[in-house]
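Please read the structure below before turning to the comments.
Here, each number is a calculation from the coordinates, and none is a lab measurement. Just so we're clear, the structure is a prediction, and the values are computed from it rather than from any experiment.
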Amino acid sequence: MSRRDEGRSEWPVPRIDPERCDGCGLCLRVCPCGALERQGDKVVVARPEACDYSGLCELVCPRQAIQRPFEIVSMEEPESKA
Ligand code: SF4
Ligand code: SF4
């Protein structure tokens with residue numbers, strides 16, 4: 001099941017800074033989901049719905065061009081049965 005099948009319409013995806021990206025392609029090689037795509041001499045997140053947010057692309061990028069925005073999720077405490 002993809003993240004989009006789980007009932008959420010908006011998910012954070014990695015941001016790629018085109019000013020930093022030199023198109024080396026390392027992120028493309030490690031992405032297990034096919035979320036990234038080369039467009040000209042840059043890489044973009046072409047299929048955000050496929051991204052599992054693993055962070056592998058961010059880890060391997062030698063130019064720190066990729067960042068994953070954090071999402072703050074508020075969770076309610078389960079109701080006490082006392
Ligand atoms: S690893 Fe970084 S510099 Fe290389 S193509 Fe991907 S985003 Fe661009
Ligand atoms: S976070 Fe993971 S799935 Fe998403 S683009 Fe990067 S390597 Fe691919």
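Some observations on this one:
- Computed lengthening from Arg63 to Asp22, 0.36 nm per intervening residue step minus Cα-Cα distance: 14.0 nm
- Summary value for the stretch 3-67: 40 percent relative contact order, contacts being C-alpha pairs under 8 angstrom separated by 6+ residues.
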